[in-house]
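J.: Just dropping this structure here.
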Amino acid sequence: MNLKKTIGSWITDRFDVEKIREPINYQLKKPLPPHTGWFHTLGSLSLFLFISQVLTGILLLIYYRPTIREAFESVQFIMTKPYLGWLYRQVHAWGGQLMIIIVFLHMLRTFITGSFKKPREITWISGVILFLTTLGFGFTGYLLPWNQLAYWATTVGTEIPAAIPWVGDWLKTFLRGGPNVGGETLSRFFVIHVIILPWAVFFLIAMHLFLVRFQGIATLDPVGEEKDIGKKGIPFFPHHLLKEGVVFFILLGVLVTLAIVFPFELGEKADPMQTPHAIKPEWYFLPMYQVLKFAEKMWGLLIISLAPLFLFLWPFLDKSRPRNPLKRPLSMTFFVLVLLSLLIFGLMGYFSEKNVKIFNTDYHIDIYGMPHKILPNATTEPTHEK
Ligand code: HEM
């Protein structure tokens, strides 16, 4: 007897499959706007990276121990003893970095194509929360190996909210689970990283994708003048799905190559008695960290809180009708300025407190990112690079 037929009739005897066949076919064949291209695969790539993080995270959880006595040693163990332990630890570490890049690029794509405009404001807002939670994954995950860099970056990072009037100190103690970064902080960050954030992101992605499917991908037509896609559209299946398959395999290749060729070092175990020379956060927090150096604590906090606030409110601030980037010169200029300032502050943060050679001349870059020529015979503080 034909196995496929037997399984098919076993299922149809029990479930009214016909009822869901039509909506599934509709979703698969739904035409996408003609401008849908490679950049429209960034959302699915973000989803792929989230799934990869969950899978490699589950593998890490088998041997990871969230206590200050065992955390560092358990990561050392994962990297040397279990079968392919080194690989899934590196894929998880690199996956976290790539996820931030890809989610950010996806956000830029939806900004450039004006997809955040009516009626997709809620999709954009759910996306902003997804972006912030992705950064939250980075911040909480960084502490888990309990090494020197992580310990001190978290000490500095959890000091920032203390500048908020009235509730600042309470917030700092709440994050740390005590006056200092210690075992309580580690267990708090662990719970946030492996339970709270993954479930929050799971439900947010479900909502985000439902909205995207329900409302369809935005065309480049101005708001209120959307034309029917008709025959010009690209079918989701197989055309767009094939593109997503291609980028999926490329990303998988990049991820594994990075994990093998540029492995993340574990460094030294956290030592609260020994402060390193220059404490810096991960690269994606560098622009924020640099801005905080220039402004008074309270003002600095206010300035850096404006960025997420603007992101949330953007669909309600820019209510112009055109979506085509060429017809939005003001938005695009603002966008380029924001990207440039992120880059400049990020670079200043990266090179601060380091010695660099520019055109054969040695410079010391001070804490504010300003270069000072090193005079011959002058002594400068040693720099401990990451
Ligand atoms: C884990 C994070 C995210 C996942 C898994 C995700 C997933 C997706 C997917 C699969 C699509 C449809 C295909 C595409 O346009 O690429 C999409 C569309 C969209 N996403 Fe996201 N996304 C994420 C984060 C974000 C962020 C950070 C924003 C912006 C702040 C955002 C805003 C949007 C918008 C406005 C659309 C509609 C695009 C259109 O109609 O042209 N998403 N998302």
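The values are calculated or read from the model by the stated rules, or taken from the named source; none is laboratory data. Computed from a predicted structure; not experimentally measured. Every residue, glycine as well, gets a Cβ built from its backbone with ideal geometry; the counts of neighbours run over all protein chains shown. The area values use the complete protein model at the heavy-atom level, side chains included, leaving out ligands, DNA and RNA. Shrake-Rupley method; radii C 1.70, N 1.55, O 1.52, S 1.80 Å.
J.: Could you tell me which residue out of ASN324, VAL261, LEU337 lies farthest along the dipole of segment 31-351 toward its positive end? Charges go on the beta carbon: Lys and Arg +1, Asp and Glu -1, centred on the Cα centre.
T.: ASN324
J.: How fast does the chain diffuse by Stokes-Einstein, in µm²/s, taking the Kirkwood radius from C-alpha pairs at 37 °C and 0.692 mPa s?
T.: It comes out at roughly 137 µm²/s.
J.: Determine ³J(HN,Hα), in whole Hz, for all residues of segment 177-184 in sequence, where each value follows from phi through the Karplus function 6.51 cos²θ - 1.76 cosθ + 1.60 and θ = phi - 60°; x replaces Gly and Pro.
T.: Going residue by residue, I get x, x, x, 10, 6, x, x, 5 Hz, with x marking Gly and Pro.
J.: Can I ask one more? Using Cα positions and a limit of under 18 Å, work out the aspartates and glutamates in reach of LYS231, with same-chain residues fewer than 8 apart set aside.
T.: Qualifying aspartates and glutamates at Cα under 18 Å: ASP221.
J.: Keeping all protein chains in place, calculate the accessible area per residue for the chain (probe 1.4 angstrom), answer in Å².
T.: About 60 Å² of surface per residue is accessible.
J.: May I ask for the longest run of the chain untouched by GluC sites (Glu not before Pro) that are loop-located per DSSP and have at most 11 neighbouring C-beta atoms (other than their own) within 10 Å?
T.: Working: sites that count: GLU225, GLU265, GLU296, GLU385.
That gives 1-224 as the longest site-free run.
J.: Arrange the residues PHE77, PHE111 by how much accessible surface each exposes, largest first, with a 1.4 angstrom probe. Walk me through the intermediate numbers first.
T.: On the way: PHE77 85, PHE111 20 Å².
So, going from the largest accessible area down, we get PHE77, PHE111.
J.: Count neighbours as other Cβ atoms within 10 Å of each site's Cβ, and list the trypsin sites (Lys or Arg not before Pro) in segment 225-283 that are DSSP loop with at most 16 such neighbours. Walk me through the numbers on the way to the answer.
T.: Numbers: sites: LYS227, LYS231, LYS232, LYS243, LYS269; in loops: LYS227.
Sites meeting the loop and neighbour criteria: LYS227.
J.: Another question about this same structure. Per the 1.4 Å probe, what fraction of the accessible area of segment 31-351, in percent, lies on carbon and sulfur atoms? Intermediate values should be presented prior to the final figure.
T.: Working: 13090 of 17270 Å².
The computed percentage sits at 76.
J.: Per residue of the chain, what 222 nm ellipticity follows from adding -39500 (n - 2.57) for every DSSP H run with n ≥ 4, rounded to the nearest 500?
T.: Working: 14 runs with 230 residues, N = 386.
After summing the helix terms and dividing by residue count, I get -20000 deg cm²/dmol.
J.: A follow-up question, please. Using the Cα gyration tensor of segment 158-298, with a ≥ b ≥ c the square roots of its eigenvalues, what is the shape: rounded (a/c below 1.5), prolate (a/b larger than b/c) or oblate (neither)?
T.: prolate
J.: In sequence order, what are the phi-derived ³J(HN,Hα) couplings for segment 352-369 according to the Karplus relation 6.51 cos²θ - 1.76 cosθ + 1.60 with θ = phi - 60°, rounded to whole Hz, with x for glycine and proline?
T.: 4, 6, 10, 9, 10, 10, 10, 6, 6, 10, 8, 10, 9, 8, 6, 4, 8, x
J.: Same structure again: Against the longest principal axis of the chain, how steep is helix 121-143, in degrees 0 to 90 to the nearest 10, with axes from Cα atoms?
T.: The helix 121-143 is inclined about 40 degrees to the chain.
J.: Right, another one. Tilt of helix 71-80 relative to the longest C-alpha principal axis of the chain, in degrees (0 to 90, nearest 10)?
T.: Taking Cα atoms only, the helix is inclined about 60 degrees.
J.: Okay, next question. Starting from the residue with the highest accessible area, list ILE20, ILE217, ILE102 in decreasing order, probe 1.4 Å.
T.: ILE20, ILE217, ILE102
J.: On to the next question. Using a cut-off of 12 Å between beta-carbons, work out the net charge of the residues near GLN215 (Lys and Arg +1, Asp and Glu -1, GLN215 not included).
T.: That works out to +3.
J.: Calculate the dipole size of segment 31-351 relative to its Cα centre from +1 charges on Lys and Arg beta carbons and -1 charges on Asp and Glu beta carbons; express the result in debye to the nearest 20.
T.: Working: 25 positive and 17 negative charges, 163 e Å.
In debye, rounded to 20, segment 31-351 gives about 780.
J.: Within straight cross-link reach of LYS227, meaning Cα distance under 28 Å, which lysines are found once same-chain residues fewer than 8 apart are removed?
T.: Candidates past the 8-residue exclusion: LYS29, LYS30, LYS117, LYS118, LYS243, LYS319, LYS327.
J.: Starting from segment 7-89, pick out the trypsin sites (Lys or Arg not before Pro) whose DSSP state is loop and whose Cβ has at most 10 other Cβ atoms within 10 Å.
T.: Passing sites in segment 7-89 are ARG69.
J.: Keeping every protein chain in place, order TYR64, TYR26 by accessible area at 1.4 Å, biggest value first, i.e. largest first.
T.: The ranking, largest first, comes out as TYR26, TYR64.
J.: Would you mind checking the tilt of helix 18-29 against the longest principal axis of the Cα atoms of the chain, expressed as 0 to 90 degrees and rounded to 10?
T.: Result, in degrees: 60.
J.: Would you please give the residues with an amide H less than 5 Å from that of ILE374, counting only those at least 5 places away or on a separate chain, with H modeled from the backbone geometry?
T.: Hits under the 5 Å cutoff: ASP362, TYR363, HIS364.
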